Amino acid sequence: MADPDVQSILEQTRKLHRDRASAGSEFVPGVTPILPSGAVLDEDDRAALVEQALEMRIASGAQALLFERKFARTIGVRKAHLTNSGSSANLLALSSLAVPELEDRRLRPGDEVITVAAGFPTTVNPIIQCGLVPVFVDVDLATYNTTVERIEAALTPRTKVIMLAHTLGNPFPVAEVAELAAQHDLFLIEDNCDAVLSTYQGRNTGTFGDYATVSFYPAHHLTTGEGGCVLTNTLELARITESMRDWGRDCWCEPGEDNKCLKRFNYQMGDLPHGYDHKYIFSHVGYNLKATDIQAALGLTQLAKLPDFVAARKRNWQRLRDGLDGVPGLLLPEATPGSDPSWFGFVITLTDDAPFSRPELVDFLTARRIGTRLLFAGNLTRHPAYRHETYRVSGELTNSDIITDRTFWIGVYPGITGEMVDYMVASLREFVAKPH
């Protein structure tokens, strides 16, 4: 039976949310900020967080397990492993490919990982952190993804992994990349952080690779506050991933569970004495990258709204695309052929003959309270963090440099209304039309 005191607090929590949400919700052009991204939270989300705190569910437990199962079903994979961030998810996925039981396919120091130069650092940093060598390829403008041809040209005998993000929700040609990976016995990791429920050839992104990763940071499609996830269809990899996430332990009992195997004190592994407690036998050099039930409870209420979130993103993106069609000086984005993106943002590149600069345009939008972001790090090889790191570049990075110099994006997240989209379109058109 529900605790009446808890239910009373939860109802007060819901009322508090409704009261705050109703205050100051009117959009005032030029006054109300239009953020490029953000979490959309309702009374169910707030109540879920408070309920977990009231019940003192402060570690990983039943809520985390339930979220993993529901999210795996939502994406269409067999296993999902909740983590404390999307960055940790990338690190976990790549680290899990370096374990001895993968034998000849095991990643070793100096092996190469093909990725793009124009992206976010946390796709690349785990490559370096694992002692591997990033191999950077260029992307196309308009889709902002790389091509199978560029990847194939980058292959060497040391290539072991292809690790790519679906840029701003726009899928790279993942079926063809997966086929190339299979032909060369390579692992494929999809960084699906910006593309939850994007599809390619009618199939969800995140289901093509050996691994996919997701971020639940507030900017993304759904949020757990901080948080992330590793997805896989391969049970062997799922077992390794769970161990690597959970300190490297060999035991597969869930939190609060004991002796699921019915032989907890009947193991003999390594040089340990026979009967050593299986919960304290470690078969991998792992981490602790788990998330809490508080985070998972928020994820569950967010997951229920995900279809509506995705529909809003698509609707806002298309309204921007239609409204800005034909505006001179702006190269507008295009969906990858065969895809249906769950858009993260609306990306714009200034053409080479534009009579204005990106700083001028961004400053104009900022003055109108329209938030912008650059396309993440642009060309990562130009950043000081990688100056002394080992990497290789395949081909030219011409478009990555153009992105660094002339590209930015604006928001499409569900907190942006149609009125806000129209204001963004009008503002961009006004700026381009004025003398420069």
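The values are calculated or read from the model by the stated rules, or taken from the named source; none is laboratory data. On a predicted model such as this, the values are computed, not experimentally measured, just so you know. Here the Cβ is made from the backbone with ideal geometry for all residues, glycine too, and neighbour counts use every protein chain on show.
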Among the candidates 127, 151, residue that is under 30 Å from residue 249 (Cβ atoms) and free of Cβ contacts under 8 Å to residues at least 60 places away in the same chain: 127
Looking for something in a helix (DSSP H, G or I) and among the polar types (S, T, N, Q) - is there at least one such residue anywhere in segment 30-50? no
Among the residues of segment 282-290, are any surrounded by fewer than 16 Cβ atoms within 10 Å (Cβ to Cβ), under 30 Å from residue 339 (Cα atoms), more than 18 Å from the chain's Cα centre (by Cα) and of a type in the set (S, T, N, Q)? no
Restricting the search to segment 275-304, which residues are of a type in the set (D, E, K, R) and in contact (Cβ under 8 Å) with a residue 60 or more places away in the chain? 290, 293
Selection count where residues are within 23 Å of the chain's Cα centre (by Cα) and either of a type in the set (Lys, Arg) or surrounded by 16 or more Cβ atoms within 10 Å (Cβ to Cβ) (or both), scope segment 383-398: 1
Could you check residue 295 against (1) under 20 Å from residue 85 (Cβ atoms); (2) in a loop (DSSP other than H, G, I, E, B); (3) not basic (Lys, Arg) and say which number it fails? (2)
One residue is enough: does segment 124-140 have a residue meeting the conditions touching a strand residue (DSSP E or B) at 6+ places or on another chain (Cβ under 7 Å), at pLDDT 95 or above and among the small types (Gly, Ala, Ser)? no
Taking segment 237-267 as the region of interest, how many residues are among the basic types (Lys, Arg), in contact with a helix residue (DSSP H, G or I) (Cβ under 6 Å, 6 or more places away or on another chain) and part of a loop (DSSP other than H, G, I, E, B)? 1
Just to be sure, is residue 68 crowded, with 16+ Cβ neighbours inside 10 Å, under 29 Å from residue 412 (Cα atoms) and over 22 Å from the mean Cα position of the chain (by Cα)? no
In the set 51, 26, the lone residue that is under 26 Å from residue 412 (Cβ atoms) and not aliphatic (A, V, I, L, M) is 26
Test residue 57 against the stated conditions and say whether it is part of a loop (DSSP other than H, G, I, E, B), over 15 Å from residue 192 (Cβ atoms), modelled with pLDDT under 95 and not hydrophobic (A, V, I, L, M, F, W, C). yes
Select from segment 405-419 the residues that are part of a helix (DSSP H, G or I) and buried (at least 20 other Cβ atoms within 10 Å of the Cβ) and list them in ascending order. 406
Checking residue 115 against (1) assigned to a loop (DSSP other than H, G, I, E, B); (2) assigned by TED's automatic domain parsing to the domain that holds residue 194; (3) within 30 Å of residue 398 (Cβ to Cβ), which single condition isn't satisfied? (1)
Determine whether segment 77-97 contains at least one residue that is of a type in the set (Lys, Arg), over 20 Å from the mean Cα position of the chain (by Cα) and modelled with pLDDT of 95 or more. no
